[in-house]
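Below: the structure, in structure tokens.
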Amino acid sequence: MKRIIFTFLVTIIVTSFTTAQEKETLETGKIYFLRSTGFQGSAVAFKAFIDGEFVCRLNNKKYSIHEVPVGKHECSVQFGGTKSKEKAEKFEVVVEPGKITYVQLVFETGLFINNIYCEEVTENTAKKKMEILVEDTKCL
């Protein structure tokens, strides 16, 4: 009798652990940061943030992958520092379960000021750009 109860309890624990893992997998998505800024600004690494948290130092011709919970997230990018600056332009993305959201880091030069910001791109555009990019797995 004790053996049957023990087997039953082990089965319940294993089943609930497996279900929790599957649910956790379904409750996340990914944000890809892509950087292909050309020659301008290529010597400086951009600092990328998700929800105000520093996630990556990304050099030119690189991309990075970040798993995040499903829902709205605020992305930003800046030249220096590992703390998100108030002045950094914020960009909101919605991450869906098991899906990838592609965010391009854009460097814009002007006569008196340089600007970097995030913009979402389609999967087709991202895949085309990623043909010449290399994944940066150690971007922290």
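I'd like the full set of residues that are of a type in the set (Lys, Arg) and not in a strand (DSSP E or B), limited to the stretch 62-101. Lay out the reasoning, then the answer.
Restricting attention to the stretch 62-101, the residues satisfying the condition of being of a type in the set (Lys, Arg) are 62, 72, 83, 85, 87, 90, 99.
Passing the criteria: Lys83, Lys85, Lys87, Lys90, Lys99.
Please determine, by comparing only the residues of the stretch 13-62 that are polar (S, T, N, Q) and within 30 Å of Phe107 (Cβ to Cβ), which one is modelled with the highest pLDDT. Can you show your working first?
Just the residues of the stretch 13-62 that are polar (S, T, N, Q), to begin with: 15-16, 18-19, 21, 25, 28, 36-37, 40, 42, 59-60.
Imposing the further condition that a residue be within 30 Å of Phe107 (Cβ to Cβ) reduces the set to 28, 36-37, 40, 42, 59-60.
Working: Thr28: 96, Ser36: 89, Thr37: 76, Gln40: 59, Ser42: 62, Asn59: 92, Asn60: 92.
Out of the qualifying residues, it is Thr28.
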Tell me which residues, restricted to the stretch 102-140, are acidic (Asp, Glu) and part of a strand (DSSP E or B).
Glu108, Glu119, Glu120, Glu135
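Being more than 15 Å from Ala48 (Cβ to Cβ), among the acidic types (Asp, Glu) and loosely packed, with under 12 Cβ neighbours inside 10 Å is true for just one of Glu86, Glu108, Glu67. Which residue is that?
Details: Glu108 fails: loosely packed, with under 12 Cβ neighbours inside 10 Å; Glu67 fails: more than 15 Å from Ala48 (Cβ to Cβ).
So the residue among Glu86, Glu108, Glu67 that is more than 15 Å from Ala48 (Cβ to Cβ), among the acidic types (Asp, Glu) and loosely packed, with under 12 Cβ neighbours inside 10 Å is Glu86.
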Here are some conditions: (1) touching a residue at least 24 places away in the same chain (Cβ under 8 Å); (2) surrounded by 15 or more Cβ atoms within 10 Å (Cβ to Cβ); (3) of a type in the set (A, V, I, L, M, F, W, C). Ala45 meets all but one. Which one does it not meet?
(1)
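Does Lys62 count as out of contact with any Lys or Arg (no Cβ under 8 Å at 6 or more places or on another chain) and not small (Gly, Ala, Ser)?
Numbers: out of contact with any Lys or Arg (no Cβ under 8 Å at 6 or more places or on another chain): no; not small (Gly, Ala, Ser): yes.
It is false that Lys62 is out of contact with any Lys or Arg (no Cβ under 8 Å at 6 or more places or on another chain) and not small (Gly, Ala, Ser).
Of all residues in the stretch 94-122, count the ones that are in contact with a Phe, Trp or Tyr (Cβ under 9 Å, 6 or more places away or on another chain) and hydrophobic (A, V, I, L, M, F, W, C). Lay out the reasoning, then the answer.
Initially, the stretch 94-122 is screened for residues in contact with a Phe, Trp or Tyr (Cβ under 9 Å, 6 or more places away or on another chain), giving 100-108, 114-122.
In the following step, the residues that additionally are hydrophobic (A, V, I, L, M, F, W, C) were identified as 100, 103, 105-107, 116, 118, 121.
The qualifying residues number 8.
Using the structure shown, decide if Glu67 is under 19 Å from Thr28 (Cα atoms) and among the acidic types (Asp, Glu). Before the answer, list the steps.
Details: under 19 Å from Thr28 (Cα atoms): yes; among the acidic types (Asp, Glu): yes.
Yes.
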Restricted to the stretch 89-105 and to residues being touching a Ser or Thr at 6+ places or on another chain (Cβ under 6 Å) and closer than 26 Å to Glu131 by Cα, the residue surrounded by the fewest Cβ atoms within 10 Å (Cβ to Cβ) is Val93
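The values are calculated or read from the model by the stated rules, or taken from the named source; none is laboratory data. This structure is a prediction, so every number in the text was calculated from the model and none was measured. Counting neighbours? That spans all protein chains shown, and the Cβs are built from the backbone with ideal geometry, glycine included.
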